[in-house]
1. Output the residues belonging to region 179-231 that are touching a Pro at 6+ places or on another chain (Cβ under 8 Å) and over 28 Å from ASP111 (Cβ atoms).
2. Going residue by residue through region 28-38, is there one that turns out to be aromatic (Phe, Trp, Tyr), in contact (Cβ under 8 Å) with a residue 12 or more places away in the chain and either closer than 16 Å to PRO169 by Cα or buried (at least 21 other Cβ atoms within 10 Å of the Cβ) (or both)?
3. Among the residues of region 46-82, write down those that are crowded, with 23+ Cβ neighbours inside 10 Å, assigned to a helix (DSSP H, G or I) and touching a residue at least 60 places away in the same chain (Cβ under 8 Å).
4. Given region 91-200, what helices (runs of 4 or more DSSP H) lie entirely inside it while holding 1 or more residues that are hydroxyl-bearing (Ser, Thr, Tyr) and over 15 Å from the mean Cα position of the chain (by Cα)?
5. Does ALA153 fit the bill of being modelled with pLDDT of 95 or more and in contact with a helix residue (DSSP H, G or I) (Cβ under 9 Å, 6 or more places away or on another chain)?
6. Can you pull out the residues in region 140-171 that are closer than 20 Å to VAL114 by Cβ and among the polar types (S, T, N, Q)?
7. Taking the criterion of being aliphatic (A, V, I, L, M), exposed (fewer than 15 other Cβ atoms within 10 Å of the Cβ) and in contact (Cβ under 8 Å) with a residue 40 or more places away in the chain, would at least one residue in region 181-194 satisfy it?
8. Just to be sure I understand the filter: pairs with C-beta atoms under 7 Å, separated by 6 or more residues or on different chains, first member in region 209-231 and surrounded by 18 or more Cβ atoms within 10 Å (Cβ to Cβ) and of a type in the set (S, T, N, Q), second member at pLDDT 95 or above and in a loop (DSSP other than H, G, I, E, B). Which pairs pass?
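The values are calculated or read from the model by the stated rules, or taken from the named source; none is laboratory data. Please read all numbers here as calculations on a predicted model, not as lab measurements. All Cβ positions, even for glycine, are placed from backbone atoms using ideal geometry, and neighbour counts span all protein chains on display.
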Amino acid sequence: MTQRNNLKIYDDVAAQWWSDDIRWVRTLKNMVPGRLGYFDKLIDWQGKAVLDLGCAGGFMAEALDDRGAQVTGIDPAAEAIAAATAHAQGRDITYDVGVGEALPYMDGQFDAVVCVDVLEHVQDLDQVLREVARVLKPGGMFLFDTINRNIIARLATITIAEDILHLLPKGTHDPAMFIKPAELLAGLESAGMEPAKITGLGPRGINLRGDLIFGQLPLKSVIYMGSALKN
């Protein structure tokens, strides 16, 4: 039986994270512009202290650094963090090994927390959201995306992306850990954050290499993204 929510995959490919040799890793890299196409409209990154929660090998962290943010990245995958650190030589990015349920940062340390492709993997969603709120400054912004829990999302992410197209390794996701928007919005409010409107994220085309290009979509049935402000 396939192991689900297998986070070992990120360490397994750490040495090749920035090589562009692995299709599913390129897919993750290709999702960054689609996410930032939306997030950039919500926040001016310049000079902001930003935590990239679940940063893996550093795709989002380096994109935020390019926008002038003061970036800290954290992830439980130690080898992926090592790869991120090595690739970021010459950049002022701080990388740490750790989990979202116990962030090793001071209260109110960050202007923004970015958390993409992560919430559907964590062991205690409510605790992660409480930690996000704790490390945010008052009025700070949480920017996220995650996967909806329904039969369409399961078909798209497990049957198609993992089993048929091999856009992701088998076992990447556990569909039981997917999160309905109402559940996430309730968790944000319980943690002391005020959620804004959510939107969809998904394929918008194909590049010359045959890889998917991602961007904002009106449909939120598979991946959805949004933001929340700390009260």
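1. Result: LEU212, ILE213.
2. Going residue by residue through region 28-38, those that are aromatic (Phe, Trp, Tyr) are 38.
Narrowing the set further to residues that are in contact (Cβ under 8 Å) with a residue 12 or more places away in the chain leaves 38.
Narrowing further to those that are either closer than 16 Å to PRO169 by Cα or buried (at least 21 other Cβ atoms within 10 Å of the Cβ) (or both): none.
No, every residue in region 28-38 fails to be aromatic (Phe, Trp, Tyr), in contact (Cβ under 8 Å) with a residue 12 or more places away in the chain and either closer than 16 Å to PRO169 by Cα or buried (at least 21 other Cβ atoms within 10 Å of the Cβ) (or both).
3. Passing the criteria: only ALA80.
4. Numbers: elements: 125-135, 151-154, 181-190.
Hits in region 91-200: 181-190.
5. Working: modelled with pLDDT of 95 or more: yes; in contact with a helix residue (DSSP H, G or I) (Cβ under 9 Å, 6 or more places away or on another chain): yes.
The answer is yes for ALA153.
6. Step one: filter region 140-171 for residues closer than 20 Å to VAL114 by Cβ, giving 140-148.
THR146, ASN148 - these are the residues of region 140-171 that are closer than 20 Å to VAL114 by Cβ and among the polar types (S, T, N, Q).
7. Of region 181-194, the ones aliphatic (A, V, I, L, M) are 182, 184-186, 188, 191, 193.
Next, only the ones that are exposed (fewer than 15 other Cβ atoms within 10 Å of the Cβ) stay: 182, 186.
Among the residues that remain, those that are also in contact (Cβ under 8 Å) with a residue 40 or more places away in the chain are: none.
No: zero hits.
8. Between residues of region 209-231 that are surrounded by 18 or more Cβ atoms within 10 Å (Cβ to Cβ) and of a type in the set (S, T, N, Q) and residues that are at pLDDT 95 or above and in a loop (DSSP other than H, G, I, E, B), the close pairs are SER227/LEU42; SER227/ALA196.
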